[in-house]
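The values are calculated or read from the model by the stated rules, or taken from the named source; none is laboratory data. Note that the structure is predicted; figures quoted are calculated from it, not measured. Glycine also receives a Cβ, built like all others from the backbone with ideal geometry; neighbour counts cover every protein chain displayed. Each accessible area value is taken on the protein alone, full model and side chains, heavy atoms only, with ligands, DNA and RNA left out. Shrake-Rupley method; radii C 1.70, N 1.55, O 1.52, S 1.80 Å.
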Amino acid sequence: MPPNTESEPTIPRKIVTEEDLQARLKQGQAVFVFENKVYKVNHFLDKHPGGDLAIRHVLGRDVTDEIRSMHPPRVYEKLIHRFYVGDYVPNLTHVRLAKSKDRPLWSERQRLEAEWGTNFSVQAFDDAIGQLHDHHARDLAQDAKDQEGLDAVLIRDAFRRLEQSIKDRGLFQCNYYRYGKECCRYVLFIYLSLWLAFRGTATWHYLASAVFMAAFWHQLMFTAHDAGHNEITGKVEIDHIIGVIIANFIGGMSIGWWKDNHNVHHIVTNDPEHDPDIQHLPFLAITTKFFSNIYSTYYKKVLKFDAFARFFVRYQHHLYYLILSFGRFNLHRLSFNHVLFARHVRTRRLELIGIMVFFIWYSYFLSYIPSWPLRVAYLFISYMLTFPLHVQITLSHFGMSTEDFGKDDSFPAKMLRTTMDVDCPEWLDWVHGGLQYQAVHHLFPRLPRHNLRQCVPLVRQFCKETGLRYYMYNFSTGNGVVLGALKSVADQVGLMNDVAKYNAKVWHGDLKKSD
């Protein structure tokens, strides 16, 4: 028989325009765009392993880069098709041209480091961090203006090439040898802590034991971070169990809370209303936007800028490290609140058991410390000396932009605008856990942290091609930038207080209005 030359009838694909997309959104449909296709995920929101807020914050937008960066390929190659509703056709009403210019990537760092002085009197300290903030703030402001003229399509294409280049180099593959080395370090720290506590005879033995316990928790949390991002095995179920063992059973924290919190942070980085990682009132405020009693969509409450907050924020650049040293206590509170009261906790019973086991074994361990004063000292030392971990994370964000450029803002541009990297010698990577390269990490959250340093030159080249700015400072300068940003907000509180006092005097007739 002759071959059938008739073509198969084509099935017309449903077209969804930008107007259709926004109309669906107003009707309550949970829709977004991925790879020029529209997906509706209403029935999946509560089942999303990363929490429903991580999805709700991107509805009505093209989130191709966000999905590709935060999920393994099998999710968007095999699973997402179940939610397909049609092909997306944007409104091409205007085209923005890319600015072809090379930006100096290192001049900011060199200039600021030269001005970051060593005179640490209170006034000299305030002046130094104020100058650092002024320089850095001008760079951020210029960056915001320049990004208005960048082509999102050009950036996305370059970002895809960057991703492929990293894949071709095998950098998305986990280096288990590095984990082997880290495990040796973990065992050493916990062994020294236990040996000094059980065999100790002098006060300094117990205090040294507390220091090594803090070092053990500090280092181990980097691996819990990897498990939360599915960077270890790449399998959600296995990495989740690893995370529960490390975070809950050994550290007393909820890995479920961390995922819920951290995924939102990666989607809406440095957004005052949405990012829980910068919502620290009444103790810290990184922008004057917090003065307006904003509503936190994560905590579902108003963050009040009351008299208590005004006091702490006015001195926050001096209290920054002290406040962060209590971070571990706060993590216990947040973990219990999540496990006990959150609507959807993936393994609620297992996580709760893990946290309870932690408090049992740690309380039993403390009972071997010979006196109550030493036990209290041990508790505070072992907890408060984990503060470098909190400094590490806040350092990369507190001094960066909090501006939202809307749904047309490209993912790479947003991550590079809201995140800085911290430069350090390679032999110090173990102290930072490799996570000092937060900008690279935010661009590729599934990239194993042991490989982040190798991606820095690739990201710098990507920024040269696209006109984006890459922020990197050394550790001391980065601290100065953050402290300067905190001081800038604190100064505004002082100004508000001065104005209030002046108005009060006018009101009571102590001053003439003409004065």
Please compute the modelled spin-label separation between L495 and L322, points set 7 Å along Cα→Cβ, answer in nm with one decimal.
2.6 nm
Given a 1.4 Å probe and the protein chains all in place, what does the accessible area of I250 round to, in Å² to the nearest 10?
50 Å²
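Please state the shape class of region 352-433: rounded when a/c is under 1.5, otherwise prolate if a/b exceeds b/c and oblate if not, all from the C-alpha gyration tensor.
Judged from the Cα gyration tensor, region 352-433 comes out prolate (a/c at least 1.5, a/b above b/c).
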Could you tell me the relative contact order of region 318-404? Use alpha-carbon pairs under 8 Å, at least six residues apart, and round to a whole percent.
52 percent
Which of H205, C183, F216 sits closest to the plus end of the dipole of region 144-234, meaning its Cα is farthest towards the positive end, when Lys and Arg get +1 and Asp and Glu get -1 on the C-beta?
H205
Go through region 395-400 residue by residue and turn each phi into a ³J(HN,Hα) via Karplus (6.51, -1.76, 1.60, θ = phi - 60°); whole Hz please, and just put x for glycine and proline.
4, 7, 10, 4, x, 9
Measure of exposure for K407: accessible area at 1.4 Å probe, Å² rounded to 10, is 100 Å²
With a probe of 1.4 Å, find how much accessible area region 264-356 has per residue, and write the answer as a whole number in Å².
48 Å²
Any idea what the relative contact order of region 185-293 is, in percent, if you count C-alpha pairs under 8 Å spaced at least 6 apart?
14 percent
Could you calculate the contour length gain from V456 to F329, that is, 0.36 nm times the residue separation minus the distance between their Cα atoms, to one decimal place in nm?
42.3 nm
Residues whose modelled amide H sits under 5 Å from the amide H of F32, counting only those 5 or more places away in sequence or on another chain, are Y39, G60
Violations at 22 Å Cα threshold for listed pairs K78/K235; K414/K464; K26/K407; K289/K407 -> none
Per-residue accessible area, 1.4 Å probe, largest first, puts R310, R333, R74 in the order R333, R74, R310
For region 152-225, which trypsin sites (Lys or Arg not before Pro) are in a loop by DSSP, counting at most 16 other Cβ atoms within 10 Å?
R169
Probe radius 1.4 Å, ligands and nucleic acids left out: which of C183, C174 has the largest accessible area, and how do the rest follow?
C183, C174
Multiplying the sequence separation of C424 and S296 by 0.36 nm and subtracting their Cα-Cα distance, what value in nm do you get?
42.6 nm
Among rounded, prolate and oblate, which fits region 195-280 when a ≥ b ≥ c are the square roots of the eigenvalues of its C-alpha gyration tensor, a/c under 1.5 means rounded, and a/b larger than b/c means prolate?
oblate
Sorting S325, S363 by accessible area (1.4 Å probe), largest first, what list results?
S363, S325
From the phi of every residue in region 27-34, what ³J(HN,Hα) in whole Hz does the Karplus formula 6.51 cos²θ - 1.76 cosθ + 1.60 yield, where θ is phi - 60° and glycine or proline is x?
7, x, 7, 8, 10, 8, 10, 9
